[in-house]
Amino acid sequence: MDAFGDLLKSIIEENPTSELLDEMFQLIDPWFTERECSRERALQASFQVLAAFQENVHLPEGENFPQFGSLVAFLAPYTCDRSIQCRQWAAQCITCLMYIQAKSKVTYAEEEEMFSAYAELQGDVSSDLFNASTRMAKVISVYFPSDQALDFIEAILEDLVSGNQMCAMAAGHWLLTILQDCGDGMEAQISAILDVFYSRLPTIKQDDLRGVLVDAVSVVAHFHLDTVFNSLLCRRLPMDSETGELWRSLGQDPVLALLILHKLAVCITQPSNFQAASHSGSEESEEVAEEEPLKATCAIYEVLSVLEDEDVLQELFTDLLYALLWQVSKTLGQRMPFCGGRRRLFRREQQVSEGNPCRLSVASLKALILKVTSDPSLAEIGEVNVWALLRDPETHQKGVCVLTSRLFQNGLLTPKAIQNVLPWMNSESEKLRLTGIAFFTEVIQDPMLREREQLRSILTTLLQRAGDQHPGIRRMALKGLGNIVLVAPDKVKKQKKTIVAILLGALYDAKVVLESLEMLALVLPRLKQKEVSFLFKDITLKTTTYMSDDNTDLRKAALHLFGVLAEWTKLRYKRFFTEQVRKSLVPLLIHQRDPSPKVSEACRATFLKCVQFLAKRKLRGYIEELYRVTNLNLPNLQGHICVQVINAHPELRGELLRRTAGYFQSSWEELQTRALELTGVMLESMQVTDLDQATWEFLLKSLETFQKSSNQDLQEVAADLVTYISKKWGELPERKETLSRESINNQEIDPYCVTQPDTTLEGLSTQSLHK
């Protein structure tokens, strides 16, 4: 090896060029094998070459040694080789390179540091070896030329994936040290360096070595955040595991997380001009989610998943809430954006990726909320999954209301957050209008908001949005108007009549009638007679049309509102409302045993409120006492009540029977059964001569049909009623094969009177009702 060194020295003295140096290392390279003795000779030869080059080459002032970065990356990992000889030769090579690059600028302190590290490399403790190698790296970083950063990184990453574990870990230490000390000056090569990192990351399977590469990106981000941010945001969707890992690594540093989350929030609400231009004019721009905001949304989720700094979360919560709620609204009902990149390289056309972009947006919003508050009810609110509601276009507004209410209760809605969402109420985007109106429907509860002039503008907007084309927006506007009357009645004195008129008009809108019924039930007790009197009759008449509706929620809401109207009725309208109670006796009796427990409960409560309108005091007292002392689930309770009503008002028998017969056509078999039972009770106090021909024939035909029903309960009740009629009046007369539709209509036996009880019996015995 000494002779070999002399040979190399003589060759270099004759032609001391960097090209010759490259050639020398190419000749030595095959000696770097797994065998220690071979590596020792290779490193000794490398030192001999570098020592000869150091003696014969003197770089001009201001000029860098061209191979400095690549040779440092090539030799430095061997400072932690298993062989002590290899470590010593490698350290001497690094020292040589330092003198070649630094010339005479090396200080005494740096020489001492290198010598001390060299001495520590003779030990056997791994941690001491890595520490000594890192100290050498810090000295070398002082003279590291920034324009050779890419060469250094490409070369040292080769060692990172080598089979020598100790050398690979040493390479990681050198990589991170050089980046930390010299990263600020690498701006010109950062994009290329990041590309190298991203291409290498999928090839490294060991967690500790992957961690080095991920940490390297984080170190670069401290110096060149914009470049790193943009490079990650440009990566394709769906987000791969490497991209997610890189975002999480950035989120572990509170300083970086604060800056990154702010930039991501801006990307969602203010996408780049290029992104906006790519979607403008596209026929599917409304159906396909924008790619850049969606990438930012996914990145926020990854960063939040590892962020633990509460100060950062508190500082950014308002901006992130605004951005993510915006993104949830915008992606509602959309599809994933077009997928490009290598996965679609050989496709002729771009394809829409699978998945629900709104689900991703909701996931990020959920991660934010659960990070800021420890309230477990925000994960599952009662039996309602608020996050499932938010991402469903049909229930989105309900989800916004529930979430906003919870945020308000937890004190997470700041004045800034409320102010940010306010413009959405008048947005050109239908989805944002829906989200904004739903948001303010609950925010109105804020006492601070009610004290401001801002409430006037909100009220004006809600009045306008009550006529919006979107039914969801109309529903939320009605709910918001009702809530304003409830929480700030003194602020809307002049608009109360207008609000009531709007709620009445909504009763004629099939898509928002439920909200109108519910809001009227809440609002009426807070209003004075002069504020409602001009519409009281219309509200009452329209409410009765929904008391037997097929929709369970509508039935419940209408029955509840009817009870509220009964309590609210003043002397001026008592006669009118008494007439409506008598017309509604049948649904008020039948629905007390409704298939829905909620409807049954509402109907019983309403019936008790309506008892006061039954003419005879003795009858009212009897019914009230019956409800007080009797189990409300007693099957024949409604029959007892019906008997007392008929005894007190015999003139109502025929009318009540015809109204009850209308329920024979109900879509609910349980209601058909209740109607048959009630019919039997009425027939007990009637004679066959009390029944007109059409009603009699309709009853017989219905009984024959019910006896063939697949429902056993219905069969039994029909059979019992046929048996009773036969015993009471003898053999049943033969019914006609074909009933005249006109004759039935003339007698007001309408098969659809179940859903329209107020319009099917208008011609009946009004004289008896006026009594």
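Annotations
- Evaluation of Ser83 against (1) touching a Lys or Arg at 6+ places or on another chain (Cβ under 8 Å); (2) modelled with pLDDT under 90; (3) not aromatic (Phe, Trp, Tyr) (one fails), failing number: (2)
- Unique match (being in a helix (DSSP H, G or I), over 28 Å from Ala149 (Cβ atoms) and hydroxyl-bearing (Ser, Thr, Tyr)) among Ser38, Ser46: Ser38
- The lone exception for Gln122 - which of (1) closer than 25 Å to Cys37 by Cα; (2) in a helix (DSSP H, G or I) it fails: (2)
- Test: residue in segment 108-116 that is out of contact with any Leu (no Cβ under 7 Å at 6 or more places or on another chain), surrounded by 17 or more Cβ atoms within 10 Å (Cβ to Cβ) and in contact (Cβ under 8 Å) with a residue 40 or more places away in the chain: no
- Contact map, segment 183-202: first residue within 15 Å of Ala155 (Cβ to Cβ), second residue among the hydrophobic types (A, V, I, L, M, F, W, C) and not in a helix (DSSP H, G or I), Cβ cut-off under 8 Å, separation 6 or more or different chains; pairs are Ile193/Met186; Arg200/Val161.
- Selection status of Leu43, among the aliphatic types (A, V, I, L, M), closer than 21 Å to Thr177 by Cα and modelled with pLDDT of 90 or more: no
- Only one of Phe607, Phe562 that is within 30 Å of Arg526 (Cβ to Cβ), modelled with pLDDT under 90, of a type in the set (Phe, Trp, Tyr) and buried (at least 20 other Cβ atoms within 10 Å of the Cβ): Phe607
- Qualifying residue in segment 52-66 (condition: crowded, with 20+ Cβ neighbours inside 10 Å and within 24 Å of Val161 (Cα to Cα)): no
- Hits in segment 79-91 (condition: free of Cβ contacts under 8 Å to residues at least 60 places away in the same chain and part of a helix (DSSP H, G or I)): Ile84, Gln85, Cys86, Arg87, Gln88, Trp89, Ala90, Ala91
- Identity of the residue in segment 323-340, surrounded by 20 or more Cβ atoms within 10 Å (Cβ to Cβ) and of a type outside the set (A, V, I, L, M, F, W, C), that ends up nearest to Ile369 (Cα to Cα): Gln327
- Of all residues in segment 424-466 being modelled with pLDDT under 90 and outside any helix (DSSP H, G or I), the one that is nearest to Ala477 (Cα to Cα): Ile444
Conditions (1) under 59 Å from the mean Cα position of the chain (by Cα); (2) surrounded by fewer than 17 Cβ atoms within 10 Å (Cβ to Cβ); (3) without any contact (Cβ under 8 Å) to a residue 40 or more places away in the chain; (4) over 24 Å from Leu157 (Cβ atoms), marked per residue:
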| site | (1), (2), (3), (4) |
| --- | --- |
| Ile12 | no, no, no, yes |
| Glu19 | no, yes, yes, yes |
| Pro77 | yes, no, no, no |
| Cys96 | no, no, no, no |
| Ala102 | yes, no, no, yes |
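- Segment 492-517 - residue that is in contact (Cβ under 8 Å) with a residue 24 or more places away in the chain and under 17 Å from Ile458 (Cβ atoms) and, of those, surrounded by the most Cβ atoms within 10 Å (Cβ to Cβ): Ile499
- The residue of segment 665-724 that is farthest from Arg653 (Cα to Cα), among those that are in contact (Cβ under 8 Å) with a residue 60 or more places away in the chain and in a helix (DSSP H, G or I), is Glu670.
- Filter result (assigned to a helix (DSSP H, G or I) and crowded, with 19+ Cβ neighbours inside 10 Å) within segment 177-199: Thr177, Ile178, Leu179, Cys182, Gly183, Ile190, Ile193, Leu194, Phe197
- Which listed residue, of Thr441, Thr414, is within 28 Å of Gln314 (Cα to Cα), surrounded by fewer than 15 Cβ atoms within 10 Å (Cβ to Cβ) and among the β-branched types (Val, Ile, Thr): Thr414
- Residues that are among the small types (Gly, Ala, Ser) and in contact with a helix residue (DSSP H, G or I) (Cβ under 9 Å, 6 or more places away or on another chain) number at least 3 in the following helices (runs of 4 or more DSSP H) confined to segment 496-563: 496-506.
The values are calculated or read from the model by the stated rules, or taken from the named source; none is laboratory data. Everything numeric in this text was worked out from a predicted model, so none of it was measured. Here Cβ is always computed from backbone atoms with ideal geometry, including for glycine, and neighbour counts include all displayed protein chains.
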